[in-house]
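The values are calculated or read from the model by the stated rules, or taken from the named source; none is laboratory data. These figures come from a predicted structure and were not determined experimentally. Because the Cβ atoms are built from the backbone with ideal geometry, glycine has one as well, and the counts that use them run over all protein chains shown. For the accessible areas, the whole protein counts, side chains as well, though only heavy atoms, and no ligand, DNA or RNA atoms are used. Shrake-Rupley method; radii C 1.70, N 1.55, O 1.52, S 1.80 Å.
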Amino acid sequence: MTKLLIKNGTLITASETYQADILVEDEKIVQIGQPLHAPDAEPVDASNKLVLPGGVDPHTHFDLPMFGTVSSDDHYTGHKAAAFGGTTTVMDFVVLDSPRAERSASAIEAQGDFKYSVDLWMEKASKAAIDYAFHMNLTRFNEAIAKDIPSLVEMGITTLKVFTAYNGRLRLDDGSIFKALRIAKENGMLVMLHAENGDVIEILVEEALKAGHTSPEWHARTRPAWGAVEAGLRVAGMASVADAPLYIVHMNAAGEVDMLDYARQRGVKVMGETCPQYLFFTMDHLRRPDGAKWICSPPMRTEADNARLWQGLADGTIQTLGTDHCPFFFDGTKPILYEGQEIAIPGKELGADDFTKIPNGLPGVGDRLPILWTYGVRAGRITPNQFVALNCTNPARIFGLYPRKGSLLPGSDADIVIWDPEKRVKYGAAAAQHRTDYNLYEGWELVGYPEKVFLRGKLIVDGEQWLGRRGGGQFLKRIPGEVL
Ligand code: URP
Ligand code: ZN
Ligand code: ZN
(Lines give C-alpha, C1' and ligand atoms only; values in the text may rest on other atoms or scores of the structure.)
(Ligands and ions follow the chains in the order given, each with its own letter.)
Protein backbone atom coordinates (compact mmCIF):
# COMPACT_ATOMS: atom_id res chain seq x y z
CA MET A 1 0.00 0.00 0.00
CA THR A 2 1.33 3.43 -0.96
CA LYS A 3 1.68 5.74 2.03
CA LEU A 4 3.11 9.18 1.37
CA LEU A 5 3.53 12.24 3.53
CA ILE A 6 3.93 15.42 1.52
CA LYS A 7 5.47 17.90 3.96
CA ASN A 8 5.70 21.67 4.23
CA GLY A 9 4.14 22.61 0.90
CA THR A 10 1.93 25.59 0.12
CA LEU A 11 -1.40 24.19 -1.05
CA ILE A 12 -3.28 26.05 -3.74
CA THR A 13 -6.93 25.23 -4.27
CA ALA A 14 -9.66 27.01 -6.20
CA SER A 15 -10.45 29.14 -3.16
CA GLU A 16 -7.52 29.08 -0.72
CA THR A 17 -3.74 29.21 -0.37
CA TYR A 18 -2.34 27.72 2.82
CA GLN A 19 0.56 25.83 4.35
CA ALA A 20 -0.19 22.15 5.14
CA ASP A 21 0.99 18.54 4.94
CA ILE A 22 -0.87 15.90 2.95
CA LEU A 23 -1.11 12.25 3.93
CA VAL A 24 -1.80 9.83 1.09
CA GLU A 25 -2.85 6.23 1.59
CA ASP A 26 -3.73 3.72 -1.07
CA GLU A 27 -4.45 6.15 -3.95
CA LYS A 28 -6.40 8.66 -1.84
CA ILE A 29 -5.70 11.79 0.16
CA VAL A 30 -6.64 10.79 3.71
CA GLN A 31 -5.60 13.79 5.77
CA ILE A 32 -4.59 17.41 5.32
CA GLY A 33 -3.20 19.42 8.23
CA GLN A 34 -0.15 20.82 9.90
CA PRO A 35 1.92 19.27 11.19
CA LEU A 36 1.04 15.66 10.28
CA HIS A 37 3.11 12.74 11.55
CA ALA A 38 3.24 9.35 9.87
CA PRO A 39 6.59 7.66 10.52
CA ASP A 40 5.66 4.71 8.27
CA ALA A 41 4.91 6.98 5.26
CA GLU A 42 7.42 7.81 2.55
CA PRO A 43 8.26 11.50 3.02
CA VAL A 44 8.08 13.96 0.12
CA ASP A 45 9.61 17.35 0.90
CA ALA A 46 7.59 20.18 -0.62
CA SER A 47 9.35 23.04 1.22
CA ASN A 48 9.36 26.20 -0.93
CA LYS A 49 7.11 24.42 -3.41
CA LEU A 50 3.45 24.76 -4.30
CA VAL A 51 1.10 21.80 -4.12
CA LEU A 52 -1.73 21.73 -6.66
CA PRO A 53 -4.41 19.23 -7.66
CA GLY A 54 -3.56 17.41 -10.89
CA GLY A 55 -4.83 19.25 -13.94
CA VAL A 56 -8.13 18.16 -15.50
CA ASP A 57 -8.26 18.79 -19.25
CA PRO A 58 -11.88 18.67 -20.44
CA HIS A 59 -11.06 18.68 -24.16
CA THR A 60 -8.65 16.36 -26.05
CA HIS A 61 -8.60 14.42 -29.32
CA PHE A 62 -6.17 11.50 -29.15
CA ASP A 63 -5.82 9.13 -32.09
CA LEU A 64 -8.49 11.06 -34.01
CA PRO A 65 -8.85 10.19 -37.70
CA MET A 66 -8.99 13.33 -39.84
CA PHE A 67 -8.42 14.19 -43.53
CA GLY A 68 -6.80 10.81 -44.30
CA THR A 69 -4.44 10.91 -41.34
CA VAL A 70 -4.74 10.74 -37.58
CA SER A 71 -3.87 13.07 -34.70
CA SER A 72 -0.31 12.21 -33.83
CA ASP A 73 -0.69 11.65 -30.08
CA ASP A 74 -2.48 8.51 -29.05
CA HIS A 75 -3.93 7.66 -25.66
CA TYR A 76 -0.47 6.81 -24.33
CA THR A 77 1.76 9.47 -25.86
CA GLY A 78 -0.79 12.22 -25.25
CA HIS A 79 -1.30 11.11 -21.66
CA LYS A 80 2.44 11.12 -21.08
CA ALA A 81 2.71 14.68 -22.44
CA ALA A 82 -0.24 15.72 -20.28
CA ALA A 83 1.44 14.29 -17.19
CA PHE A 84 4.71 16.13 -17.85
CA GLY A 85 2.64 19.32 -17.94
CA GLY A 86 0.90 18.55 -14.64
CA THR A 87 -2.37 17.14 -16.01
CA THR A 88 -3.59 13.83 -14.59
CA THR A 89 -7.12 13.59 -16.05
CA VAL A 90 -8.23 14.07 -19.65
CA MET A 91 -11.60 13.92 -21.36
CA ASP A 92 -11.57 12.71 -24.95
CA PHE A 93 -14.31 12.87 -27.59
CA VAL A 94 -15.66 9.58 -28.95
CA VAL A 95 -16.35 9.68 -32.69
CA LEU A 96 -19.82 8.34 -33.39
CA ASP A 97 -19.79 5.22 -35.60
CA SER A 98 -16.19 5.19 -36.62
CA PRO A 99 -15.76 3.44 -38.97
CA ARG A 100 -19.50 3.18 -39.59
CA ALA A 101 -19.14 1.18 -42.79
CA GLU A 102 -18.06 -1.87 -40.79
CA ARG A 103 -21.46 -2.20 -39.14
CA SER A 104 -24.53 -3.74 -40.64
CA ALA A 105 -28.01 -2.38 -39.91
CA SER A 106 -28.75 -5.49 -37.82
CA ALA A 107 -25.60 -4.93 -35.72
CA ILE A 108 -26.67 -1.35 -35.07
CA GLU A 109 -30.13 -2.64 -34.15
CA ALA A 110 -28.71 -5.18 -31.70
CA GLN A 111 -26.00 -3.00 -30.14
CA GLY A 112 -27.57 0.43 -30.16
CA ASP A 113 -25.96 3.44 -31.77
CA PHE A 114 -23.37 4.33 -29.19
CA LYS A 115 -21.95 1.15 -27.65
CA TYR A 116 -19.92 0.19 -30.71
CA SER A 117 -18.27 3.61 -30.91
CA VAL A 118 -17.58 3.73 -27.17
CA ASP A 119 -16.08 0.22 -27.26
CA LEU A 120 -13.80 1.28 -30.08
CA TRP A 121 -12.61 4.30 -28.07
CA MET A 122 -12.17 2.11 -24.97
CA GLU A 123 -9.97 -0.18 -27.02
CA LYS A 124 -7.88 2.76 -28.28
CA ALA A 125 -7.61 4.07 -24.71
CA SER A 126 -6.53 0.77 -23.17
CA LYS A 127 -2.96 2.12 -23.30
CA ALA A 128 -3.94 5.08 -21.06
CA ALA A 129 -1.21 6.40 -18.77
CA ILE A 130 -3.39 8.84 -16.79
CA ASP A 131 -7.07 8.77 -15.85
CA TYR A 132 -9.58 9.57 -18.56
CA ALA A 133 -13.25 10.05 -19.35
CA PHE A 134 -15.21 10.37 -22.58
CA HIS A 135 -17.61 12.80 -24.21
CA MET A 136 -19.77 11.61 -27.13
CA ASN A 137 -19.83 13.49 -30.44
CA LEU A 138 -23.51 13.66 -31.39
CA THR A 139 -23.05 14.00 -35.13
CA ARG A 140 -26.19 12.19 -36.33
CA PHE A 141 -29.67 12.47 -34.96
CA ASN A 142 -32.81 10.40 -35.48
CA GLU A 143 -35.42 8.68 -33.33
CA ALA A 144 -33.30 5.60 -32.65
CA ILE A 145 -30.36 7.71 -31.56
CA ALA A 146 -32.61 9.85 -29.38
CA LYS A 147 -33.83 6.69 -27.63
CA ASP A 148 -30.31 5.39 -27.16
CA ILE A 149 -28.86 8.56 -25.55
CA PRO A 150 -29.69 7.45 -21.96
CA SER A 151 -27.49 4.35 -22.48
CA LEU A 152 -24.52 6.72 -22.50
CA VAL A 153 -25.27 7.76 -18.92
CA GLU A 154 -25.07 4.09 -17.88
CA MET A 155 -21.66 3.95 -19.58
CA GLY A 156 -20.50 6.95 -17.54
CA ILE A 157 -20.68 9.40 -20.45
CA THR A 158 -22.86 12.33 -19.45
CA THR A 159 -21.96 14.81 -22.19
CA LEU A 160 -22.88 15.24 -25.86
CA LYS A 161 -20.94 17.48 -28.24
CA VAL A 162 -22.95 19.08 -31.05
CA PHE A 163 -21.66 21.12 -33.98
CA THR A 164 -23.23 24.01 -35.89
CA ALA A 165 -20.45 23.71 -38.50
CA TYR A 166 -18.73 21.05 -40.65
CA ASN A 167 -21.71 20.73 -43.02
CA GLY A 168 -22.30 17.22 -44.30
CA ARG A 169 -19.92 15.70 -41.76
CA LEU A 170 -20.54 16.61 -38.14
CA ARG A 171 -23.20 19.33 -38.12
CA LEU A 172 -26.68 18.91 -36.66
CA ASP A 173 -29.57 21.15 -37.70
CA ASP A 174 -31.04 23.49 -35.09
CA GLY A 175 -34.12 21.30 -34.52
CA SER A 176 -31.99 18.27 -33.71
CA ILE A 177 -29.82 20.34 -31.37
CA PHE A 178 -32.95 21.56 -29.58
CA LYS A 179 -34.22 17.99 -29.20
CA ALA A 180 -30.80 16.88 -27.93
CA LEU A 181 -30.88 19.66 -25.34
CA ARG A 182 -34.26 18.43 -24.11
CA ILE A 183 -33.09 14.82 -23.89
CA ALA A 184 -29.94 15.95 -22.10
CA LYS A 185 -32.04 17.87 -19.60
CA GLU A 186 -34.23 14.80 -18.93
CA ASN A 187 -31.18 12.63 -18.30
CA GLY A 188 -28.97 14.99 -16.31
CA MET A 189 -26.59 15.37 -19.24
CA LEU A 190 -24.72 18.39 -20.57
CA VAL A 191 -24.62 19.48 -24.22
CA MET A 192 -21.28 20.89 -25.40
CA LEU A 193 -21.32 23.18 -28.40
CA HIS A 194 -18.87 23.78 -31.24
CA ALA A 195 -20.14 27.19 -32.33
CA GLU A 196 -19.53 28.34 -35.91
CA ASN A 197 -21.83 28.97 -38.87
CA GLY A 198 -21.44 26.00 -41.23
CA ASP A 199 -23.48 27.48 -44.11
CA VAL A 200 -21.51 30.74 -44.20
CA ILE A 201 -18.21 28.84 -44.00
CA GLU A 202 -19.21 26.60 -46.90
CA ILE A 203 -19.97 29.57 -49.17
CA LEU A 204 -16.84 31.52 -48.20
CA VAL A 205 -14.59 28.48 -48.72
CA GLU A 206 -16.02 27.83 -52.16
CA GLU A 207 -15.50 31.47 -53.16
CA ALA A 208 -11.95 31.55 -51.76
CA LEU A 209 -10.88 28.44 -53.62
CA LYS A 210 -12.48 29.67 -56.84
CA ALA A 211 -10.47 32.88 -56.50
CA GLY A 212 -7.26 30.84 -56.06
CA HIS A 213 -6.77 31.58 -52.35
CA THR A 214 -5.14 28.47 -50.97
CA SER A 215 -2.85 29.68 -48.14
CA PRO A 216 -3.46 29.02 -44.41
CA GLU A 217 -4.71 32.54 -43.62
CA TRP A 218 -7.81 31.75 -45.71
CA HIS A 219 -8.73 29.14 -43.14
CA ALA A 220 -9.37 32.01 -40.73
CA ARG A 221 -10.81 34.35 -43.36
CA THR A 222 -13.48 31.80 -44.28
CA ARG A 223 -14.52 31.08 -40.67
CA PRO A 224 -15.65 34.50 -39.38
CA ALA A 225 -15.96 35.36 -35.70
CA TRP A 226 -19.56 36.46 -36.20
CA GLY A 227 -20.45 32.83 -36.97
CA ALA A 228 -19.09 31.76 -33.59
CA VAL A 229 -20.84 34.64 -31.83
CA GLU A 230 -24.29 34.11 -33.34
CA ALA A 231 -24.16 30.30 -33.16
CA GLY A 232 -23.23 30.48 -29.49
CA LEU A 233 -26.07 32.84 -28.67
CA ARG A 234 -28.51 30.92 -30.90
CA VAL A 235 -27.89 27.64 -29.06
CA ALA A 236 -27.81 29.40 -25.67
CA GLY A 237 -31.28 30.66 -26.58
CA MET A 238 -32.40 27.13 -27.39
CA ALA A 239 -30.90 25.90 -24.11
CA SER A 240 -32.92 28.52 -22.29
CA VAL A 241 -36.16 27.36 -23.95
CA ALA A 242 -35.28 23.73 -23.16
CA ASP A 243 -34.22 24.75 -19.62
CA ALA A 244 -31.06 22.74 -20.24
CA PRO A 245 -27.45 23.54 -19.38
CA LEU A 246 -25.00 24.27 -22.18
CA TYR A 247 -21.19 24.42 -22.36
CA ILE A 248 -19.55 26.27 -25.23
CA VAL A 249 -16.19 24.71 -26.12
CA HIS A 250 -13.08 26.43 -27.46
CA MET A 251 -14.38 30.02 -27.19
CA ASN A 252 -12.22 32.22 -29.40
CA ALA A 253 -13.98 35.53 -30.11
CA ALA A 254 -14.62 38.61 -27.97
CA GLY A 255 -18.26 38.63 -29.03
CA GLU A 256 -18.70 35.10 -27.74
CA VAL A 257 -17.64 36.25 -24.28
CA ASP A 258 -20.04 39.20 -24.53
CA MET A 259 -22.88 36.86 -25.51
CA LEU A 260 -21.98 34.37 -22.79
CA ASP A 261 -22.16 37.21 -20.31
CA TYR A 262 -25.46 38.39 -21.82
CA ALA A 263 -27.03 34.94 -21.54
CA ARG A 264 -25.68 34.24 -18.05
CA GLN A 265 -26.97 37.61 -16.81
CA ARG A 266 -30.40 36.48 -17.96
CA GLY A 267 -30.24 33.21 -16.06
CA VAL A 268 -29.39 30.91 -18.96
CA LYS A 269 -27.39 27.95 -17.66
CA VAL A 270 -24.58 28.41 -20.13
CA MET A 271 -20.89 27.96 -19.40
CA GLY A 272 -17.77 28.49 -21.46
CA GLU A 273 -14.33 27.08 -22.09
CA THR A 274 -11.43 28.74 -23.85
CA CYS A 275 -8.03 27.31 -24.79
CA PRO A 276 -4.51 28.76 -24.38
CA GLN A 277 -4.05 29.17 -28.15
CA TYR A 278 -6.91 31.69 -28.31
CA LEU A 279 -5.26 33.80 -25.59
CA PHE A 280 -1.88 34.24 -27.24
CA PHE A 281 -2.14 33.98 -31.02
CA THR A 282 -3.91 35.82 -33.82
CA MET A 283 -4.70 35.42 -37.48
CA ASP A 284 -1.28 36.98 -38.18
CA HIS A 285 0.30 33.68 -37.17
CA LEU A 286 -1.52 32.01 -40.07
CA ARG A 287 0.20 34.46 -42.43
CA ARG A 288 3.65 33.16 -41.52
CA PRO A 289 5.40 30.72 -43.89
CA ASP A 290 4.73 28.01 -41.27
CA GLY A 291 1.18 29.30 -40.68
CA ALA A 292 -0.31 25.80 -40.99
CA LYS A 293 1.01 25.10 -37.48
CA TRP A 294 -1.70 27.45 -36.13
CA ILE A 295 -4.59 25.92 -38.07
CA CYS A 296 -7.40 24.75 -35.87
CA SER A 297 -11.16 25.25 -35.87
CA PRO A 298 -12.40 27.72 -34.84
CA PRO A 299 -9.40 29.80 -35.92
CA MET A 300 -7.23 32.39 -34.19
CA ARG A 301 -8.72 35.91 -34.23
CA THR A 302 -7.25 39.28 -33.16
CA GLU A 303 -5.47 40.84 -30.17
CA ALA A 304 -8.77 42.38 -29.07
CA ASP A 305 -10.25 38.88 -28.96
CA ASN A 306 -7.27 37.62 -26.91
CA ALA A 307 -7.79 40.48 -24.44
CA ARG A 308 -11.55 39.88 -24.04
CA LEU A 309 -10.97 36.17 -23.42
CA TRP A 310 -8.44 37.00 -20.68
CA GLN A 311 -10.97 39.35 -19.15
CA GLY A 312 -13.63 36.61 -19.31
CA LEU A 313 -11.33 34.24 -17.43
CA ALA A 314 -10.46 36.83 -14.81
CA ASP A 315 -14.02 38.01 -14.15
CA GLY A 316 -15.55 34.51 -14.04
CA THR A 317 -17.61 34.73 -17.23
CA ILE A 318 -15.60 31.77 -18.62
CA GLN A 319 -15.39 28.70 -16.35
CA THR A 320 -12.65 26.46 -17.77
CA LEU A 321 -9.45 26.19 -19.76
CA GLY A 322 -9.26 23.14 -22.01
CA THR A 323 -6.67 22.49 -24.69
CA ASP A 324 -8.55 20.99 -27.65
CA HIS A 325 -5.31 19.02 -28.03
CA CYS A 326 -5.37 17.57 -31.54
CA PRO A 327 -1.80 17.59 -32.84
CA PHE A 328 -0.50 16.90 -36.32
CA PHE A 329 3.06 16.96 -37.57
CA PHE A 330 3.98 20.19 -39.38
CA ASP A 331 6.00 18.09 -41.80
CA GLY A 332 4.90 14.49 -41.55
CA THR A 333 7.39 13.36 -44.18
CA LYS A 334 10.28 13.83 -41.72
CA PRO A 335 10.52 11.45 -38.77
CA ILE A 336 11.12 12.52 -35.18
CA LEU A 337 12.63 10.36 -32.44
CA TYR A 338 10.01 9.27 -29.95
CA GLU A 339 10.99 6.92 -27.10
CA GLY A 340 14.05 5.93 -29.12
CA GLN A 341 12.15 5.14 -32.32
CA GLU A 342 11.73 7.12 -35.51
CA ILE A 343 8.16 8.08 -36.23
CA ALA A 344 6.48 10.22 -38.90
CA ILE A 345 2.73 10.66 -39.29
CA PRO A 346 1.24 12.58 -42.25
CA GLY A 347 0.25 16.04 -41.05
CA LYS A 348 -0.11 19.65 -42.11
CA GLU A 349 1.86 19.14 -45.34
CA LEU A 350 -1.25 17.39 -46.72
CA GLY A 351 -2.68 20.87 -47.29
CA ALA A 352 0.41 22.54 -48.74
CA ASP A 353 -1.58 23.59 -51.81
CA ASP A 354 -5.04 23.90 -50.29
CA PHE A 355 -5.90 25.20 -46.81
CA THR A 356 -9.05 23.05 -46.71
CA LYS A 357 -6.88 19.92 -46.67
CA ILE A 358 -4.72 20.94 -43.70
CA PRO A 359 -5.71 18.75 -40.74
CA ASN A 360 -7.40 20.98 -38.15
CA GLY A 361 -5.80 20.97 -34.74
CA LEU A 362 -2.80 21.77 -32.57
CA PRO A 363 -0.71 20.30 -29.77
CA GLY A 364 -1.44 21.69 -26.29
CA VAL A 365 -2.26 19.11 -23.62
CA GLY A 366 1.14 19.47 -21.93
CA ASP A 367 1.40 23.23 -22.45
CA ARG A 368 -1.68 24.39 -20.60
CA LEU A 369 -0.45 24.56 -16.99
CA PRO A 370 3.16 25.68 -17.57
CA ILE A 371 2.17 28.38 -20.10
CA LEU A 372 -0.76 29.64 -18.05
CA TRP A 373 1.33 29.84 -14.90
CA THR A 374 3.97 32.12 -16.38
CA TYR A 375 1.80 34.12 -18.78
CA GLY A 376 -1.38 34.04 -16.70
CA VAL A 377 -0.49 33.97 -13.00
CA ARG A 378 2.98 35.52 -13.03
CA ALA A 379 1.84 38.10 -15.56
CA GLY A 380 -0.90 39.11 -13.10
CA ARG A 381 -3.82 38.22 -15.38
CA ILE A 382 -5.29 35.54 -13.12
CA THR A 383 -4.62 34.58 -9.50
CA PRO A 384 -3.11 31.23 -8.46
CA ASN A 385 -6.54 30.19 -7.14
CA GLN A 386 -8.21 31.07 -10.45
CA PHE A 387 -5.49 29.05 -12.18
CA VAL A 388 -6.52 25.99 -10.14
CA ALA A 389 -10.24 26.69 -10.56
CA LEU A 390 -9.99 27.03 -14.36
CA ASN A 391 -7.57 24.15 -14.98
CA CYS A 392 -8.54 21.63 -12.33
CA THR A 393 -11.56 22.18 -10.10
CA ASN A 394 -14.15 23.69 -12.43
CA PRO A 395 -13.70 21.04 -15.17
CA ALA A 396 -14.06 18.34 -12.49
CA ARG A 397 -17.20 19.97 -11.09
CA ILE A 398 -18.88 20.67 -14.43
CA PHE A 399 -18.16 17.18 -15.77
CA GLY A 400 -19.16 15.13 -12.73
CA LEU A 401 -15.74 14.16 -11.39
CA TYR A 402 -15.63 16.34 -8.27
CA PRO A 403 -14.43 15.88 -5.54
CA ARG A 404 -12.66 12.75 -6.76
CA LYS A 405 -10.65 14.83 -9.23
CA GLY A 406 -9.59 18.48 -9.40
CA SER A 407 -9.29 19.05 -5.66
CA LEU A 408 -7.07 18.59 -2.63
CA LEU A 409 -9.51 17.19 -0.09
CA PRO A 410 -9.55 14.16 2.20
CA GLY A 411 -11.18 11.44 0.09
CA SER A 412 -10.02 12.85 -3.25
CA ASP A 413 -7.77 10.81 -5.52
CA ALA A 414 -4.16 11.63 -4.72
CA ASP A 415 -3.56 13.33 -8.07
CA ILE A 416 -1.05 15.89 -6.88
CA VAL A 417 1.44 18.19 -8.56
CA ILE A 418 4.45 19.52 -6.67
CA TRP A 419 5.07 22.77 -8.50
CA ASP A 420 8.40 24.56 -8.41
CA PRO A 421 7.49 28.25 -8.71
CA GLU A 422 11.10 29.28 -9.37
CA LYS A 423 12.08 26.73 -12.00
CA ARG A 424 13.16 28.38 -15.27
CA VAL A 425 12.54 26.52 -18.52
CA LYS A 426 13.10 27.53 -22.11
CA TYR A 427 9.97 25.89 -23.47
CA GLY A 428 9.34 24.22 -26.82
CA ALA A 429 8.86 20.87 -28.53
CA ALA A 430 11.67 19.15 -26.60
CA ALA A 431 10.32 20.11 -23.17
CA ALA A 432 6.69 19.59 -24.11
CA GLN A 433 6.88 15.83 -24.88
CA HIS A 434 4.01 15.84 -27.37
CA ARG A 435 4.49 13.35 -30.21
CA THR A 436 4.79 15.96 -32.93
CA ASP A 437 7.51 18.00 -34.59
CA TYR A 438 6.66 21.49 -33.30
CA ASN A 439 5.32 23.51 -30.42
CA LEU A 440 3.37 26.76 -30.58
CA TYR A 441 5.36 28.23 -27.68
CA GLU A 442 8.84 27.45 -29.03
CA GLY A 443 11.48 29.46 -27.17
CA TRP A 444 9.08 30.99 -24.62
CA GLU A 445 10.71 31.60 -21.23
CA LEU A 446 8.84 30.00 -18.36
CA VAL A 447 9.22 30.51 -14.63
CA GLY A 448 7.35 27.85 -12.65
CA TYR A 449 7.04 24.21 -13.68
CA PRO A 450 5.84 20.81 -12.41
CA GLU A 451 8.53 19.04 -10.38
CA LYS A 452 6.71 15.87 -9.37
CA VAL A 453 3.37 14.52 -10.57
CA PHE A 454 1.42 11.86 -8.68
CA LEU A 455 -1.47 9.89 -10.15
CA ARG A 456 -3.55 8.26 -7.43
CA GLY A 457 -0.52 8.37 -5.14
CA LYS A 458 1.90 6.93 -7.69
CA LEU A 459 4.80 9.11 -8.80
CA ILE A 460 4.55 9.23 -12.62
CA VAL A 461 6.76 12.25 -13.37
CA ASP A 462 9.87 13.09 -11.39
CA GLY A 463 11.61 16.08 -12.95
CA GLU A 464 12.54 14.90 -16.44
CA GLN A 465 12.00 11.25 -15.59
CA TRP A 466 8.95 9.37 -16.84
CA LEU A 467 7.73 6.77 -14.37
CA GLY A 468 4.22 6.26 -15.74
CA ARG A 469 3.19 3.31 -17.86
CA ARG A 470 0.88 2.20 -20.63
CA GLY A 471 -2.32 0.90 -19.05
CA GLY A 472 -1.69 2.79 -15.78
CA GLY A 473 -4.66 5.11 -16.37
CA GLN A 474 -8.25 4.28 -15.41
CA PHE A 475 -11.53 5.02 -17.19
CA LEU A 476 -13.66 7.38 -15.12
CA LYS A 477 -17.40 6.82 -15.21
CA ARG A 478 -18.89 10.26 -14.76
CA ILE A 479 -22.08 11.32 -13.03
CA PRO A 480 -24.09 14.44 -13.92
CA GLY A 481 -22.04 17.52 -13.10
CA GLU A 482 -22.75 20.98 -11.71
CA VAL A 483 -23.79 24.15 -13.46
CA LEU A 484 -21.30 26.87 -12.51
O1 URP B 1 -9.24 22.10 -34.98
C2 URP B 1 -9.74 21.42 -34.10
N3 URP B 1 -10.21 22.01 -33.03
N4 URP B 1 -9.81 20.09 -34.19
C5 URP B 1 -10.47 19.24 -33.30
C6 URP B 1 -11.94 19.14 -33.54
C7 URP B 1 -12.81 20.17 -32.83
O8 URP B 1 -13.67 20.73 -33.46
O9 URP B 1 -12.67 20.41 -31.64
ZN1 ZN C 1 -14.90 21.64 -31.84
ZN1 ZN D 1 -12.08 19.76 -30.06
In Å and from the alpha-carbon atoms only, list the Rg and Dmax of the chain.
-> 21.5, 74
Can you tell me the 0 to 90 degree angle between the C-alpha axis of helix 115-124 and the longest principal axis of the chain, rounded to 10?
-> 50
Ordering ASP462, ASP26 from largest to smallest accessible area (1.4 angstrom probe), what's the sequence?
-> ASP26, ASP462
Grab the other residues whose beta carbon is less than 14 angstrom from that of THR10, score K and R as +1, D and E as -1, and report the net.
-> -4
Find the accessible area per residue for segment 54-398; the probe is 1.4 Å, ligands and nucleic acids are left out, and the unit is Å².
-> 34
Largest first, how would LYS423, LYS348 line up by accessible area (1.4 Å probe)?
-> LYS423, LYS348
What figure in square angstrom, to the nearest 10, would you give for the accessible area of VAL241 with a 1.4 Å probe?
-> 110
With respect to the cross-link table entries LYS28/LYS127; LYS293/LYS423; LYS7/LYS28, which display a Cα-Cα separation exceeding 21 Å?
-> LYS28/LYS127; LYS293/LYS423
Inter-part gap, Cα centre of segment 381-404 to Cα centre of segment 455-484, in whole angstrom, is 15
Simple spin-label estimate for ILE479 and MET122 in nanometres, 7 Å along Cα-Cβ = 2.1
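Considering only DSSP beta bridges with both partners in the chain, what is the antiparallel share in %, to the nearest 5?
Percentage antiparallel, nearest 5: 50.
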Give the angle, between 0 and 90 degrees and rounded to the nearest 10, that separates the Cα long axis of helix 143-154 from the longest principal axis of the Cα atoms of the chain.
-> 0
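How do ASP243, ASP63 stack up against each other in accessible area, from largest to smallest, with a 1.4 angstrom probe?
Values: ASP243 70, ASP63 35 Å².
Most to least solvent-accessible, the answer reads ASP243, ASP63.
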What spacing in nm lies between the two simple spin-label points modelled at GLU422 and ASP315, each 7 Å away from Cα in the Cβ direction?
-> 3.8
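With Cβ to Cβ distances under 9 Å as the rule, what net charge do the other residues near VAL257 carry (K, R +1; D, E -1)?
Values: positive: ARG308; negative: GLU256, ASP258, ASP261, ASP305.
Its environment carries a net charge of -3.
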Using Cα positions and a limit of under 18 Å, work out the lysines in reach of LYS185, with same-chain residues fewer than 8 apart set aside.
-> LYS147, LYS161, LYS269
Could you please state, rounded to a whole Å, how far the C-alpha centre of segment 296-335 is from the C-alpha centre of segment 125-166?
-> 23
Any idea what angle helix 225-242 forms with the longest principal axis of the chain, computed on alpha-carbon atoms, 0 to 90 degrees, nearest 10?
-> 80
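Counting only protein heavy atoms, what percent of the accessible surface of the chain is carbon or sulfur at a 1.4 Å probe?
Details: 9140 of 17890 Å².
Roughly 51 percent, rounded to a whole number.
Add -39500 (n - 2.57) for each DSSP H run of 4 or more in the chain, then divide by its residues: what number comes out at 222 nm, to the nearest 500 deg cm²/dmol?
On the way: 15 runs with 133 residues, N = 484.
Per the formula, -7500 deg cm²/dmol.
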Average Cα contact separation per residue, the chain, under 8 Å, 6 or more apart, as relative contact order % | 22
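Just subtract the alpha-carbon distance of ALA307 and LYS357 from 0.36 nm times their residue separation and send over the number in nm, one decimal. Numbers along the way, then the final one.
Values: separation 50, 0.36 × 50 = 18.00 nm, distance 3.03 nm.
Taking 0.36 nm per residue and subtracting the Cα distance, the gain is 15.0 nm.
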